[in-house]
Structures are given as structure tokens and as C-alpha cells.
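Before any comments, here is the structure.
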Amino acid sequence: GLAALKIATASTTAQNPPQDTIDELIDLYNRGQFSAVFAQSKYLTQQYPNAFLVWNLFGIAAAKTRQFNQAIIAFQKVLSINPGYADAHNNIGNILEDQGKPEEAIQAFKKAISLNANYAEAYFNMGNTFKNQGNLEEALQAYNKALSIKPEYADAYFNLGNMLKASGRLEEALASFNKAIALKPHYAEAQNNLGITHRELGKLDEAEANYRQAITLKP
């Protein structure tokens with residue numbers, strides 16, 4: 001999905017609007033005003049055609065408002081200004097996945113990783129794409145790679161647990177869900193799936209405790 005989209009923080013020599021204008025755009029983004037960010041950043045790209053930060057925000061806002069073709073054009077512009085910016089490839093990959101183009105998405109994630117070998121989020125997103133394709137083994141490999149880079153990645157442990165459960169590796173799935181919860185104690189979804197796994201193992205008391213905890217966390 002688009003949750004992994006990131007605002008550019010890298011410096012650039014390209015001409016940008018005044019910092020107050022950038023701050024206003026980021027404030028609108030943080031308040032979830034994506035349509036306003038889209039309109040304002042689109043206008044600013046006409047005034048500042050090589051403004052790296054503006055093009056990046058335009059791409060994010062376009063993706064958030066599901067204007068995917070506009071988003072890809074924006075991130076391609078970001079890459080023309082800064083070819084080494086791995087986040088743009090990651091963002092393009094998320095958009096392609098959302099458009100139902102998994103093979104192209106995987107290539108975009110691989111390009112991001114080629115620019116940043118320690119890009120845990122790109123491995124995580126690639127794992128999600130493999131998962132949605134039903135490629136469980138490749139998804140497992142991608143999640144494990146993400147965790148080798150970022151051991152505190154609770155969502156990767158959660159998704160890894162789901163893949164292990166789907167593969168029938170229930171004890172390993174339990175361990176993965178427990179790690180997710182240790183890292184993110186209020187992780188209701190992990191408690192729920194831990195309960196499902198306990199139930200599949202015939203451990204009904206443990207399953208009930210997990211379900212009750214999930215409901216407490218997320219009534």
C-alpha cells in the first residue's frame with residue numbers, strides 16, 4: 001500500500017520555494033489535507049520546475065488521492081533531478097502494486113534496493129507484493145531480509161508470522177507474532193492472529209486469552 005510513502009528529507013541544489021512555503025505544504029500533509037497539497041504543489045512546480053521537494057510532495061499527494069499516473073510522473077521527475085533517490089523508486093513500487101502491476105512493482109523495489117542495500121522498507125514492500133501474488137517463499141525471504149536490516153520492525157514480524165502460518169509453520173508463526181507484540185505492545189492485530197494460531201494448534205485457553213487481549217486493545 002501507500003503507507004510507506006516518504007517525504008523527501010535529502011538536501012538538493014535544485015531551486016526550491018521559500019522555506020515557509022515548504023513548511024506550509026508539509027503542515028498540510030501532516031494534517032491529511034492531501035487534495036490541498038496536490039493543488040498547491042502542482043501550482044508550485046510550474047514556478048519552480050526543478051524543485052525536488054515540491055515534486056516529491058506532489059507525487060505523495062497524487063498517490064494519496066489515487067491519482068496514480070500523476071504520482072508516477074512526479075516521482076520520475078524527482079529521479080531526473082536526483083537519480084540516486086531510492087525512496088522515489090520505493091514509492092513508485094507502492095503505486096504500481098496498488099494499480100495491480102506486481103511484476104513492475106517488484107522491479108521498482110529492486111531498483112530502490114540497488115541504490116540502498118539496507119532499505120528495509122523496500123524489502124518489506126516487496127514482501128507484501130510477493131504475498132499478494134501468493135509467492136509465499138519469496139515473501140518469507142523478503143520479510144526476513146527486512147528484519148535482518150531492521151530487527152525492531154514489528155510490522156515485518158507480523159507479516160512474516162502470517163506467511164509462516166499460511167505455510168503451516170505454526171510454532172514459528174507464534175514466535176513471530178510474539179516478537180511483533182514485544183516490539184509493539186498495543187498490536188491488536190498481532191494478538192488476534194496469535195489467537196488464531198493458538199487455536200489451530202489446539203491451545204484453546206491461550207487462544208481465548210489472545211482474543212480477549214485483542215478486544216481490550218481494539219474494542
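The values are calculated or read from the model by the stated rules, or taken from the named source; none is laboratory data. None of these values were measured; they are calculated from a predicted model. Heads up, the Cβs are rebuilt from the backbone with ideal geometry, glycines too, and the neighbour counts pull from every protein chain shown. Please note that ligands, DNA and RNA were not included when accessible areas were found on the heavy atoms of the full protein model with its side chains. Shrake-Rupley method; radii C 1.70, N 1.55, O 1.52, S 1.80 Å.
Phi-derived couplings, Karplus 6.51 cos²θ - 1.76 cosθ + 1.60 at θ = phi - 60°, listed residue by residue for region 113-127: 5, 5, 8, 9, 5, 9, 8, 4, 5, 5, 4, 4, 5, 5, x Hz, with x used for Gly and Pro.
Label reach from LYS110 (point 7 Å along Cα→C-beta): in region 81-98, amide nitrogens under 20 Å belong to 84-98. Short-range pairs are left out: with C-alpha atoms under 8 Å and at least six residues apart, the relative contact order of the chain is 12 percent. Taking the inverse of the mean reciprocal distance over all distinct Cα pairs, the Kirkwood hydrodynamic radius of the chain comes to 18.7 Å.
Each residue of region 179-191 was assigned a 3J(HN,Hα) from its phi angle through the Karplus curve 6.51 cos²θ - 1.76 cosθ + 1.60 (θ = phi - 60°); the sequence is 5, 4, 5, 4, 7, 9, x, 9, 7, 4, 4, 5, 4 Hz, with glycine and proline shown as x.
Rounded to the nearest 20 debye, the dipole size of region 121-169 about its Cα centre is 140 debye, using +1 on the Cβ of Lys and Arg and -1 on the Cβ of Asp and Glu. Taking every protein chain into account, the accessible area of region 112-219 amounts to 50 square angstrom per residue (probe 1.4 Å).
Using only the C-alpha atoms, the convex hull of region 99-219 corresponds to 99 Å³ per residue. In this structure, the amide hydrogen of ALA51, modeled 1.01 Å from its nitrogen in the peptide plane, lies closer than 5 angstrom to no residue at least 5 positions away or on a different chain.
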